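The values are calculated or read from the model by the stated rules, or taken from the named source; none is laboratory data. These numbers were taken from a predicted model, which means no experiment stands behind them. Glycine gets a Cβ as well: all are built from the backbone with ideal geometry, and neighbour counts include every protein chain shown. Surface accessibility is based on the protein's heavy atoms, side chains included, excluding ligands, DNA and RNA. Shrake-Rupley method; radii C 1.70, N 1.55, O 1.52, S 1.80 Å.
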Amino acid sequence: MYCPSCRIVKRHVNYRNYVERKRAGTAVELGKTVMNCEVCGKPFVVKGGGQRYCPDCAKEAYKESDRQQSRAWAQRAKEAACGKDAAATKSTRQKDDA
């Protein structure tokens, strides 16, 4: 989300970066660039900007990534909840001692 003037500047910077990547030969062109799958190493044609896996491995690879992110989120939520409970218990104890 950019204001109209900032959006123009941002597009210009992005385009300049794209031209530099294209000259260096590192730009990914959808439907043309061939990459190797990170799981099996099999070559595939890139169809999306963030594609890292061949169609055969993609479903399971994304499921595993989602599982890891879900576990991390659950752990952070659990720690945050425990921290709040510990603070509430501490303040309750202080009231009882007085």
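Observations on the model:
- Note on region 1-50: Lys pairs 8 or more places apart or on different chains, Cα atoms under 19 Å apart, count 5.
- Qualifying GluC sites (Glu not before Pro) in region 1-66, DSSP loop, other Cβ atoms within 10 Å at most 16: GLU29, GLU38
- Gyration tensor (alpha-carbon) shape descriptor, region 12-86, a/c threshold 1.5: oblate
- Placing MET35, MET1 in order of accessible area, with the largest value first and a 1.4 Å probe, yields MET1, MET35.
- Model label points for LYS47 and VAL28, set 7 angstrom from Cα along the Cα-to-Cβ axis, are 1.4 nm apart.
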